[in-house]
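Everything on this sheet refers to the single structure shown next.
The values are calculated or read from the model by the stated rules, or taken from the named source; none is laboratory data. It should be emphasised that the depicted structure is a prediction, and the values quoted were computed from it without experimental measurement. Virtual Cβ from ideal backbone geometry, glycine too; neighbours counted across all protein chains shown.
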């Protein structure tokens, strides 16, 4: 697979331009079409031209120059959304608000938070940004207008909005924004005096650590937060059980990544027990958990620790109709784990069937996942034509038997 730095500067501009025509890019940059053409042909690219093109494509100049890769498979609309969202997160944290912002009633802001979570779990990231930007501004304005001692509700909304922004940024690979937004969410939850909301934010923080490769920090934070909100046996409040189960999930997944299979198994046992106590899927501040979550997450954990047989046995026990209680993102993640288990078991055709179903059914969500590329690379024994089609959906180049099917070159 060609690395980002191996493309020429002109090729990188073409890739980032995607479905934007040269004439449209020229209009966005106030440059001539000839100047755009020369840049893409590597004939001429001055610093002012570079900066204008980078701004129009919503990327850093270093990305165009190949010094760093673009965020995985992100289109121009997603990059623009993320840039606007980032500015809003930072501005609201610094209390830099337009003078004409009028906060909506808190009840309406709470409905907007629920809408934002639905968009996040549904993989509708452009629409999510359109909701989060005004939500963050109005929540900050509502907090500013709250009387002393009456800030808790506005702080809760502000915490939730920042948490969703952090989760979206983490998924899209904007790690600095993810850390900042989740950090703001944690401060707001603490000020609101809401331990469960703070614990929910900690699970998001744990996920940022996980994606940043800080596995030990991820596990330590999730386990400490779980210990702080662990329900007593007599405590049947679904909110607490959902948050606790969500944190246990982070512990199990991270333990598996750390190759601590026994420890991951212990967390899985606790997850199943909590899921049984809940009896059904429950959502609290975006913490979704229940018996189906516990079962499907167990598949992924067993795949990670190399227990392919256990994973396949669990898959056989999970009926498709049981997935109806899960969010779309959770269902899709489960199906990727299924495809990975099938690939590990050399069930090439079944794995490609499962993977292709996810890629075509949820393209916006799947393009930000690393697992499809891992699965395609693992399936090097399937038919070249079939693998090429699925690889095109992933956005990668399959190598079959040492042969790059996209370039028709032998890979040494």
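Applying the condition of being assigned to a loop (DSSP other than H, G, I, E, B) and under 27 Å from residue 307 (Cα atoms) to region 210-248 and asking which residue is modelled with the highest pLDDT yields 214.
Note on region 353-375: among residues that are assigned to a loop (DSSP other than H, G, I, E, B) and touching a residue at least 40 places away in the same chain (Cβ under 8 Å), the one that is surrounded by the fewest Cβ atoms within 10 Å (Cβ to Cβ) is 370. Here residue 202 fits the description: at pLDDT 95 or above and under 25 Å from residue 369 (Cβ atoms). Given the criteria assigned to a helix (DSSP H, G or I) and either free of Cβ contacts under 8 Å to residues at least 12 places away in the same chain or crowded, with 24+ Cβ neighbours inside 10 Å (or both), does residue 197 qualify? Against the criterion (assigned to a helix (DSSP H, G or I) and either free of Cβ contacts under 8 Å to residues at least 12 places away in the same chain or crowded, with 24+ Cβ neighbours inside 10 Å (or both)), residue 197 qualifies.
Yes or no, residue by residue, for (1) more than 19 Å from residue 344 (Cβ to Cβ); (2) assigned by TED's automatic domain parsing to the domain that holds residue 116; (3) modelled with pLDDT of 95 or more:
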residue	(1), (2), (3)
257	no, no, no
260	yes, no, no
270	yes, no, yes
280	yes, no, no
283	yes, no, no
288	yes, no, no
298	no, no, yes
305	no, no, no
309	no, no, yes
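Is it fair to say residue 207 is modelled with pLDDT under 95 and touching a strand residue (DSSP E or B) at 6+ places or on another chain (Cβ under 9 Å)? Against the criterion (modelled with pLDDT under 95 and touching a strand residue (DSSP E or B) at 6+ places or on another chain (Cβ under 9 Å)), residue 207 does not qualify.
Counting only helices (runs of 4 or more DSSP H) that sit wholly inside region 249-352, those with at least 1 residues that are in contact with a helix residue (DSSP H, G or I) (Cβ under 6 Å, 6 or more places away or on another chain), surrounded by fewer than 20 Cβ atoms within 10 Å (Cβ to Cβ) and on the phi < 0 side of the Ramachandran plot are 261-278, 308-317, 328-344.
Evaluated against (1) farther than 16 Å from residue 109 by Cα; (2) at pLDDT 95 or above, residue 159 falls short on exactly one condition, (1). Quick one: is residue 239 touching a helix residue (DSSP H, G or I) at 6+ places or on another chain (Cβ under 9 Å), surrounded by fewer than 19 Cβ atoms within 10 Å (Cβ to Cβ) and either within 13 Å of residue 289 (Cβ to Cβ) or in the same structural domain as residue 180 (by TED's automatic domain parsing) (or both)? Yes: the conditions hold for residue 239. Scanning region 89-125 for residues that are closer than 19 Å to residue 172 by Cα, touching a residue at least 60 places away in the same chain (Cβ under 8 Å) and assigned to a helix (DSSP H, G or I) yields a count of 7. In region 67-78, the condition of being loosely packed, with under 12 Cβ neighbours inside 10 Å and farther than 30 Å from residue 377 by Cα is met by no residue.
Counting only helices (runs of 4 or more DSSP H) that fall entirely inside region 16-66 and contain at least 2 residues that are closer than 23 Å to residue 82 by Cα and touching a strand residue (DSSP E or B) at 6+ places or on another chain (Cβ under 9 Å), no element qualifies.
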